[in-house]
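Colleague: Please see the structure below; I have some questions.
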Amino acid sequence: MAGQPGRWALIVHGGAKEISPEEEEDNRSGCLQALAAGREVLERGGNALDAVEASIRVLEALPVFNAGLGSALNILGEVEMCAALMDGQTLRIGAVGALMGVRHPVSVARKILPEEPVLLVGDGAFMFARDHHAELCDPRELIVEKRKESLEQLHDTVGAVALDMNGNVAAGTSTGGLTGAMKGRMGDSAIPGCGYYADNHIGGVAISGHGEGIARLAAAAQIMGAIDRDGPESAIAKALGQMSRVGGDADAIAIDRQGRLGWWHNSEHFAVAMTASDTDEPKVWLKKEEELSANG
Ligand code: GLY
C-alpha cells in the first residue's frame, strides 16, 4: 500500500549518546531547527533528498552534535568525517568517508550522488569536494574545545529520513565517527545497508551508534527487510536488539512507504524530532520514555 497522495513526513536525530542536563536544551533546539529546515522544503513540494540534506546541514553546523563542526577527534586529534545520502526513487547513493577540511560533508555526498562512484574516501573525497566547489575550510576550524577535553567515547551520527509529496523517500547520515579512532577508520555511516538505506518501494532508515557493530549486522538492510511486515519501530527494535551479539549501542529512525514514522534506541538518549503534513506540532524527544509518557 502506498502512502496517501500529497502526504509528507520527516524525522531527524542528533545521535546515539548520553546527554548531560546542560546539553538537553541544545539537543532539543538543534533537532527542531534541523526539522524546520527540512520541513520548509517538503511543505513547498520539494523533494525528499533536498529536505534530508537541508536538515543534516543544520546539524553539521551545530557544535553540540558529532558531525561537521564539533566532530569527534581521531587518534591524531583530527576531524575525519563520513556522510551519505540515498535517493529512494533512483537508488542512487553519494557517500564520503574519512573526509577532512569541508564544512558540510553531506553536501559533498550530494554532489557524488549523480556520479558513477557510490563512495569516495580520504584524499580522493577531498579532491572531489574541491573540484566541485564544496565549502572547504582548515580542518582545525571544525575542532571545538570540548572535544579536545572530552574522554567520552563518541560514536553518535546524525541523520534524517524524509518522504515527500510525490512518494519519494530519502535517507542521510553524517558523523565525525568514533573518538580516538584509527586514522582512516570508517564505521557504518557511509556504507549503504549498514548505516542507512532508502527505497521508494519500502521506506528509509538512518542509524546511529557503534559503527563496527552496526556494520557487522548490516543493520539498515535488516530493518529494510522487515519494515513492510513489522512497521518501522518494531523492525528497528528487532534488528538493533541484536547489538548484544556484537557489542555497543545502536539507535535508528525510519519512515515506511506509507509514511509511518518510527524510532527506537538502546543508548541512554537519542534526540529525535519529527513532523508530517497531517500532524499539528513538530515533536522532539530525548528518549523513548518521554514519548511514551507524553502519549499516556
Ligand atoms: N556510527 C558512527 C560511527 O561509528 O562512525
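The values are calculated or read from the model by the stated rules, or taken from the named source; none is laboratory data. On a predicted model such as this, the values are computed, not experimentally measured, just so you know. So basically every Cβ, Gly included, is an ideal-geometry build from the backbone, and we count neighbours across all protein chains shown.
Colleague: Given the criteria assigned to a loop (DSSP other than H, G, I, E, B) and closer than 23 Å to Y197 by Cβ, does R7 qualify?
Modeller: Taking the combined requirement at face value, the residue satisfies it.
Colleague: I would also like to ask the following. Which condition from (1) within 11 Å of the chain's Cα centre (by Cα); (2) within 8 Å of the ligand (Cβ to nearest atom) is the one that A160 breaks?
Modeller: (2)
Colleague: Would you point out which residue out of G172, G167, G177 is surrounded by 19 or more Cβ atoms within 10 Å (Cβ to Cβ), at positive phi and under 18 Å from the mean Cα position of the chain (by Cα)?
Modeller: G177
Colleague: Just to be sure, is G213 farther than 18 Å from A67 by Cβ, at pLDDT below 95 and within 15 Å of the ligand (Cβ to nearest atom)?
Modeller: Criteria not met by G213.
Colleague: Restricting to the range 177-193, count the residues that are more than 8 Å from the ligand (Cβ to nearest atom) and at pLDDT 95 or above.
Modeller: Within the range 177-193, residues that are more than 8 Å from the ligand (Cβ to nearest atom) and at pLDDT 95 or above number 7.
Colleague: What tally of residues in the range 164-176 results from selecting those that are farther than 17 Å from Q222 by Cβ and either within 10 Å of the ligand (Cβ to nearest atom) or assigned to a strand (DSSP E or B) (or both)?
Modeller: Adding up the residues that qualify gives 6.
Colleague: Sticking with this structure for a sec: Every residue in the range 44-61 that is free of Cβ contacts under 8 Å to residues at least 40 places away in the same chain, over 13 Å from the mean Cα position of the chain (by Cα) and either assigned to a helix (DSSP H, G or I) or crowded, with 21+ Cβ neighbours inside 10 Å (or both), please.
Modeller: Result: D50, single match.
Colleague: Another question, if that's okay. For residues that are within 14 Å of the ligand (Cβ to nearest atom) and either part of a strand (DSSP E or B) or of a type in the set (A, V, I, L, M, F, W, C) (or both), scanning just the range 194-210, find the one that is nearest to R7 (Cα to Cα).
Modeller: Going through the qualifying residues, I end up with V205.
Colleague: Only one of these conditions is not met by A134: (1) more than 30 Å from L261 (Cα to Cα); (2) crowded, with 24+ Cβ neighbours inside 10 Å; (3) small (G, A, S). Which number is it?
Modeller: (2)
Colleague: Something else about it: Determine whether the range 141-158 contains at least one residue that is within 30 Å of R44 (Cα to Cα) and in contact (Cβ under 8 Å) with a residue 12 or more places away in the chain.
Modeller: yes
Colleague: Please state which one of V64, V41, V79, V58 is aliphatic (A, V, I, L, M) and either within 16 Å of the ligand (Cβ to nearest atom) or under 28 Å from R229 (Cβ atoms) (or both).
Modeller: Exactly one of V64, V41, V79, V58 is aliphatic (A, V, I, L, M) and either within 16 Å of the ligand (Cβ to nearest atom) or under 28 Å from R229 (Cβ atoms) (or both), namely V79.
Colleague: Counting only residues that are out of contact with any strand residue (DSSP E or B) (no Cβ under 8 Å at 6 or more places or on another chain) and hydroxyl-bearing (S, T, Y), which one in the range 235-279 is nearest to M165 (Cα to Cα)?
Modeller: T279
Colleague: Give the residues of the range 226-255 that are surrounded by 23 or more Cβ atoms within 10 Å (Cβ to Cβ) and either β-branched (V, I, T) or over 23 Å from E290 (Cβ atoms) (or both), sorted by residue number.
Modeller: I227, I236, I253, I255 - these are the residues of the range 226-255 that are surrounded by 23 or more Cβ atoms within 10 Å (Cβ to Cβ) and either β-branched (V, I, T) or over 23 Å from E290 (Cβ atoms) (or both).
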